[in-house]
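Colleague: Take this structure first; my questions come after.
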Amino acid sequence: MSAPSPRARRRFAWILLGIIAAYGIGAIALSVHIIHRQAAVRTELTMALENLDRLHQLVAVSAPGERAAVDAAWADRRALLLPSAKVAAKLEDSLLQEWRDAFPHAACGMPGSPFQTQLPRAHAARACHILVERQGAEIRVQAYDTQGLPMDNFYEFLYPYPPASRSEPEPSVPLYPLLRGLLERHGP
């Protein structure tokens, strides 16, 4: 068999470059589309993590060991550790109400509020939702992307997503006085 002609090699190179360029353009378009679809859930998760961080800084504990536990829960799991389960339950209800008022519609065209306390097992049904869960005296949030897979809270907290617009509704419940009142009434 004879070697391909120079013209055939050039044609093959151009075809190969065209395929690579088309694949690259398609990958960029798909990435931009996914980023755009996930923008709302990332905005909602950023807001929830920022609220939990502010509340984490306000949690008043008397013993240094308790402060270390509160800080460790935040550092390890991005969870808000409160002095008691009773305070956590009341604060979780207030947070859910505020967040559902601020964002009444789920991202990606999913039905209902994006903030849920229980999510279905199916990945597709979890897409673009945020799970707010309480385990004992700890409150955590976990967002799910467009495929229903968990998002990384550490990445989202370090690189918060900028809000799409500044015309978003303001929170309806003043959480900081609420937290102080709850800690005073139900504190250790």
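The values are calculated or read from the model by the stated rules, or taken from the named source; none is laboratory data. The structure presented is a predicted model; accordingly, all values stated were derived computationally and were not measured. Cβ placement follows ideal geometry from the backbone for every residue including glycine, while neighbour counts extend to all protein chains displayed. The accessibility values were calculated without ligands, DNA or RNA, using every heavy atom of the protein model including side chains. Shrake-Rupley method; radii C 1.70, N 1.55, O 1.52, S 1.80 Å.
Colleague: Find the residue count for region 44-64, including only residues that are open to solvent by less than 50 Å² (accessible area, probe 1.4 Å) and closer than 19 Å to E98 by Cβ.
Modeller: Adding up the residues that qualify gives 12.
Colleague: Related question: Pairs, please: C-beta under 9 Å, at least 6 apart or cross-chain, first residue in contact (Cβ under 8 Å) with a residue 12 or more places away in the chain and surrounded by 11 or more Cβ atoms within 10 Å (Cβ to Cβ) and in region 26-43, second part of a helix (DSSP H, G or I) and of a type in the set (D, E)?
Modeller: R42/E156
Colleague: Residue check, Y176 against (1) open to solvent by less than 80 Å² (accessible area, probe 1.4 Å); (2) at pLDDT 65 or above; (3) outside any loop (DSSP other than H, G, I, E, B), all met but one. Which one?
Modeller: (2)
Colleague: In addition: Does W99 meet the test of being aromatic (F, W, Y), in a helix (DSSP H, G or I) and loosely packed, with under 11 Cβ neighbours inside 10 Å?
Modeller: no
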